[in-house]
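The values are calculated or read from the model by the stated rules, or taken from the named source; none is laboratory data. Fair warning: this is a prediction, and the values are worked out from it, not measured in the lab. Methodologically, a virtual Cβ is constructed for each residue, glycine included, from the backbone with ideal geometry; neighbour enumeration extends over all protein chains shown.
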Amino acid sequence: MSLSHAAANRRGIVCMVGAMGCFVTNDALVKFASQGMPGAQLIFIRGLMSVLLVLAVAHALGATARMREATRGWVAGRALVDAAATMLYLGSLFHLPIANATAINLAAPLFMTVFAAFFMAERVRGARWLAVGVGFLGVLLVIQPRAEGFNSWALVCLLGTLFHAARDLMTRRIHAGIPSILITLATAVAVTVVSGVGSLLQGWQPFGLFELGLLGLASVFLTGGYYFIISSMRHGEMTLVAPFRYSGLLFALVLGYAVWGEAPNNVAWSGIALLIASGLYVLHSEKRRSRVGGAK
């Protein structure tokens with residue numbers, strides 16, 4: 001393995017972990033704000049703020065001159081798939097126990113690994129299959145979904161997870177010359193438009209400055225999550241980066257304990273140990289592979 005390839009893999013992993021940290025923090029802020037506001041309205045207001053923030057960053061980077069590239073081809077297609085995935089997942093979340101929905105959503109690395117192997121001809125080594133499988137087992141031990149919690153909405157959630165995996169696959173198809181900030185902008189706009197339509201159907205409720213402040217802060221983390229997830233898929237091997245999506249659960253556990261005082265039970269601690277072990281195993285395996293490749 002060349003040093004540049006190893007560096008790309010490291011960057012992909014760091015970006016994936018960063019994306020999960022941003023998304024989980026966004027979710028925690030949204031959870032506070034959602035107590036007095038319908039879901040679609042919340043997503044729409046947060047989305048508007050995110051679009052304005054991304055536009056400002058894109059302008060500062062000089063990327064707005066290439067705005068048309070965000071409205072066509074793989075960029076536009078990816079944005080629409082992302083918007084569909086978001087609405088499918090959130091729609092199912094209202095009808096499923098959160099543990100069940102989270103478990104289904106965190107099956108994405110499994111789908112991403114399969115997609116990469118079949119559609120991108122990416123060689124999937126045994127260590128990566130093992131990391132994905134062990135990591136998902138760890139997810140199940142932490143979340144402990146209930147069998148009675150699965151219903152027809154679980155299929156909707158599964159479809160949303162497939163869309164998320166397809167979105168990440170489409171990211172790899174986007175030309176490397178297109179700035180990631182434009183892909184981020186296309187995603188933010190698509191999710192905002194779709195949620196705006198949903199908010200008209202669901203209705204609006206009045207809200208205060210506190211909720212607006214929470215959504216403003218959430219939009220910052222959401223934008224960071226968008227950008228990092230795109231960057232993670234544009235650097236390194238997809239089957240290597242995918243298992244680090246599980247790091248989102250670890251962020252959620254830390255926030256859950258710090259903010260809501262939610263402590264894992266003994267079974268969950270076993271799952272956490274598996275999650276950490278699978279990540280360390282992948283890092284060790286890639287480090288050893290990098291040394292062997294560099295010695296050739």
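Annotations
- Residues that are surrounded by fewer than 23 Cβ atoms within 10 Å (Cβ to Cβ) and either modelled with pLDDT of 90 or more or within 19 Å of the chain's Cα centre (by Cα) (or both) within the stretch 140-153 comprise Leu140, Leu141, Ile143, listed in sequence order.
- Subset of the stretch 195-209 that is loosely packed, with under 12 Cβ neighbours inside 10 Å and in contact with a Gly (Cβ under 9 Å, 6 or more places away or on another chain) - its residue that is nearest to Met37 (Cα to Cα): Gln205
- Whichever residue in the stretch 154-163 is of a type in the set (A, V, I, L, M) and under 18 Å from the mean Cα position of the chain (by Cα) and, among such residues, is surrounded by the most Cβ atoms within 10 Å (Cβ to Cβ): Val156
- Set side by side, the residues Arg167, Arg172, Arg128 differ, and just one is among the charged types (D, E, K, R), modelled with pLDDT under 90 and under 18 Å from the mean Cα position of the chain (by Cα), which is Arg172.
- Of the residues making up the stretch 60-68, not a single one is of a type in the set (Gly, Ala, Ser), part of a helix (DSSP H, G or I) and touching a residue at least 60 places away in the same chain (Cβ under 8 Å).
- Scanning the stretch 131-172 for residues that are closer than 19 Å to Ile13 by Cα and part of a loop (DSSP other than H, G, I, E, B) yields a single hit, Arg172.
- Identity of the residue in the stretch 224-258, aromatic (Phe, Trp, Tyr) and surrounded by 24 or more Cβ atoms within 10 Å (Cβ to Cβ), that ends up nearest to the chain's Cα centre (by Cα): Tyr226
- Filtered by the rule that a residue be more than 20 Å from Trp269 (Cα to Cα) and either touching a residue at least 60 places away in the same chain (Cβ under 8 Å) or part of a loop (DSSP other than H, G, I, E, B) (or both), the stretch 94-114 gives Phe94, His95, Leu96, Pro97, Ala108, Pro109, Met112, Thr113.
- Flag for Leu48 being without any contact (Cβ under 8 Å) to a residue 40 or more places away in the chain and not small (Gly, Ala, Ser): no
- Among the candidates Val193, Val282, Val267, residue that is under 25 Å from Ala117 (Cα atoms) and touching a residue at least 60 places away in the same chain (Cβ under 8 Å): Val282
- Residue count for the stretch 131-161 under the criterion of being without any contact (Cβ under 8 Å) to a residue 60 or more places away in the chain and closer than 21 Å to Val241 by Cβ: the result is 1.
- Count of the stretch 58-71 residues, restricted to those that are within 18 Å of Val191 (Cβ to Cβ) and in contact with a helix residue (DSSP H, G or I) (Cβ under 6 Å, 6 or more places away or on another chain), is 2.
- Among the candidates Leu93, Leu55, Leu61, the residue that is buried (at least 19 other Cβ atoms within 10 Å of the Cβ) and not small (Gly, Ala, Ser) is uniquely Leu93.
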